[in-house]
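J.: Structure below; questions to follow.
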Amino acid sequence: MAGATGATGGGRKRRVRAGAAGAVLAVVATAALVGFLAGAVFGGEGGVSVLSGLLVAGSFILAAVVGALIWWRWASRRATKVGLSAGRYVRVARQIQRGEVPDDPAELPAAIEIAGRARRALDVQQRRLVWWLMGGAAFLMVTSAAIHVATREYLRAFQYLALSGIFLINPLTMRRQRRRLDAVEQALSRRTSVTGTGSPGGAEPEGRTYPSGK
């Protein structure tokens, strides 16, 4: 019986590590693809430059690896505060991003801490100054695209239109994040009211009080 429990725990740890490694690899692969496309399209004079794309992709990969290492150390420190391994903490964070709440009661303090931090970050992104900055950037990109259309530089015009789309689609992304976070907070409120589980130290995350669900 103990052997079966140990085997189950070991398999769970391997799955957590594999999930964390997969997330890091996905970030690095995305950085490589974005870097190559950006370098190839924007680095060429009047055309596509494969060499420029490879150079920019290499710099993006290096930045992604360094960023992933720094982020992993930060996640490890946060995980220690809530009594989890770094892998489990990362898995809980991914669940919160998907709008899910972990089933394991031992992971609830981490879920509460992550949800509170996500709410504060979302509140910052929704400030009026941020919206003005995104709108101004999108306007500049559209204006640049119009200028390049007038000079018949259609490839450059398409590039600037694509960049403007990134700024314009951001509000839709934040709306989806807000809906998922609302669902997570309501689920956490119900779970903590039943189990009596709070955030580490017995206090709610700073700057956030969970709704009663009424």
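The values are calculated or read from the model by the stated rules, or taken from the named source; none is laboratory data. Note that the structure is a prediction, hence the values are computed from the model and not measured. Every residue, glycine among them, receives a Cβ derived from its backbone with ideal geometry; neighbour counts consider all protein chains shown. SASA here: full protein model, heavy atoms, side chains in, ligands and nucleic acids out. Shrake-Rupley method; radii C 1.70, N 1.55, O 1.52, S 1.80 Å.
J.: Just to verify a result, which residue in region 143-171, among those that are over 19 Å from ALA38 (Cβ atoms) and over 22 Å from the mean Cα position of the chain (by Cα), is surrounded by the most Cβ atoms within 10 Å (Cβ to Cβ)?
T.: VAL149
J.: Same structure again: Specify which of the listed residues (VAL48, VAL34, VAL27) is of a type in the set (Val, Ile, Thr), modelled with pLDDT under 85, in contact with a Leu (Cβ under 9 Å, 6 or more places away or on another chain) and more than 19 Å from ILE112 (Cα to Cα).
T.: Being of a type in the set (Val, Ile, Thr), modelled with pLDDT under 85, in contact with a Leu (Cβ under 9 Å, 6 or more places away or on another chain) and more than 19 Å from ILE112 (Cα to Cα) holds for just one of VAL48, VAL34, VAL27, which is VAL48.
J.: For ARG91, state whether it is under 30 Å from SER189 (Cβ atoms), crowded, with 18+ Cβ neighbours inside 10 Å and either modelled with pLDDT of 85 or more or in contact with a Phe, Trp or Tyr (Cβ under 7 Å, 6 or more places away or on another chain) (or both).
T.: So ARG91 fits the description; yes.
J.: Then there is this: Output the residues belonging to region 48-87 that are in a helix (DSSP H, G or I), of a type outside the set (A, V, I, L, M, F, W, C) and surrounded by fewer than 17 Cβ atoms within 10 Å (Cβ to Cβ).
T.: Answer for region 48-87, where residues must be in a helix (DSSP H, G or I), of a type outside the set (A, V, I, L, M, F, W, C) and surrounded by fewer than 17 Cβ atoms within 10 Å (Cβ to Cβ): GLY58, SER59, GLY67, ARG73, SER76, ARG77, THR80, LYS81.
J.: Tell me which residues, restricted to region 94-104, are over 16 Å from the mean Cα position of the chain (by Cα) and open to solvent by 80 Å² or more (accessible area, probe 1.4 Å).
T.: Result: ASP103, single match.
J.: Which of the residues spanning region 109-130 are surrounded by 20 or more Cβ atoms within 10 Å (Cβ to Cβ) and aliphatic (A, V, I, L, M)?
T.: The answer is ALA110, ALA111, ILE112, ILE114, ALA115, ALA118.
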